[in-house]
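Scroll down for the structure; my scribbles are underneath it.
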Amino acid sequence: KEETPVADGVTVKDAVKVVRSNAFRYIPKFLKLNAESKKSWNWAAFLLPHGWFGFRKMYKESAIASILTIVSVILNFPLTIAVAQLPLADESIRNYVQLAEYYAQFLGDIGTLPVLLSFVGLVIGLVIRIVSGIYGDYIYKQRVVQSVQLIKAAEDPEKTQEKLSGTSFVGFFVAVCAVEFIPTLLSVILL
């Protein structure tokens, strides 16, 4: 039903033109999501939030997720440095449990701060993923509705639609590369 409203002034037909790929997945979600019900589940947004937002042309959200993910990785640096300075385990260690027990004896040498920072980084990373997984579809719906409104108000609707619609492999690539390479570069520079 192309004329079914997705939001005020935005129909299914309008939303399909903006979403393009995978519209069969998003449009039914959009119809269920509203001000009272903002929650759904999106595995792509959970597994790779910065990449998914970039792919769906939500660049501001992608940048926020990327920055927070980079911060969560950087918070692991002090623990990585502390563990790297510990004596190496010997050949008698045969499994991960023995390895964990071996390094547990050095917790006093590592100190509380590196472990705490690493834990905070883990929590930040999990929060980004969980929030993106739960609210990603709602955020995307809001972006699609906004895009339809901008297209309808534009002087050149076709040009505006081309710019705002569909997906962006470049957005995905930039976000993923930033999250993968910036912490690595910082570790080389700082460590």
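The values are calculated or read from the model by the stated rules, or taken from the named source; none is laboratory data. The structure presented is a predicted model; accordingly, all values stated were derived computationally and were not measured. FYI the Cβ positions are ideal-geometry reconstructions off the backbone, even for glycines, and counts take in every protein chain you see. Ligands, DNA and RNA are excluded from the accessible area calculation, which covers all protein heavy atoms including side chains. Shrake-Rupley method; radii C 1.70, N 1.55, O 1.52, S 1.80 Å.
Odds and ends about this structure:
- Neighbourhood net charge (13 Å Cβ-Cβ; Lys/Arg +1, Asp/Glu -1) for LEU164: +4
- For THR11, residues with placed amide H under 5 Å, excluding near neighbours: VAL6
- Taking amide H positions as modeled 1.01 Å from N, with prolines and chain starts lacking one, the residues under 5 Å from LYS57 and 5 or more places away or on another chain are SER168.
- Listed pairs LYS60/LYS163; LYS39/LYS159; LYS57/LYS152; LYS57/LYS159 exceeding 21 Å between Cα atoms: LYS39/LYS159
- Take the chain and mark each of the chymotrypsin sites (Phe, Trp or Tyr not before Pro) that is in a DSSP loop with at most 15 other Cβ atoms within 10 Å; the longest unmarked stretch, sites excluded, is 107-191.
- Within a straight-line Cα-Cα reach of under 17 Å, LYS32 can be paired with the following lysines, leaving aside sequence neighbours fewer than 8 residues apart in one chain: LYS1, LYS13, LYS141.
- Within the accessible area of the chain, the carbon and sulfur atoms contribute 66%, probe 1.4 Å, all protein chains present.
- Applied to the range 134-139, the Karplus parametrisation 6.51 cos²θ - 1.76 cosθ + 1.60 on θ = phi - 60° returns per-residue 3J(HN,Hα) values of 7, 9, x, 5, 5, 4 Hz, with x for Gly and Pro.
- Working note: Cα gyration tensor of the range 36-92, eigenvalues times five, square-rooted, sorted largest first, giving semi-axes of 36, 14, 10 Å.
- Descending semi-axes in Å of the range 1-106, equivalent ellipsoid built from Cα gyration tensor: 48, 15, 12
- From the coordinates shown, P(r) over Cα pairs in 10 Å bins from 0, in percent corresponds to which of (i) 9, 27, 26, 17, 12, 7, 3, 0; (ii) 9, 38, 38, 12, 3, 0; (iii) 8, 33, 36, 19, 4, 0: (i)
- Accessible area per residue for the chain is 62 Å², calculated with a 1.4 Å probe on protein heavy atoms, without ligands, DNA or RNA.
- Around THR11: net Lys/Arg minus Asp/Glu count, Cβ-Cβ under 13 Å: 0
- The range 141-191: GluC sites (Glu not before Pro) falling in loop per DSSP and having at most 15 other Cβ within 10 Å: GLU155
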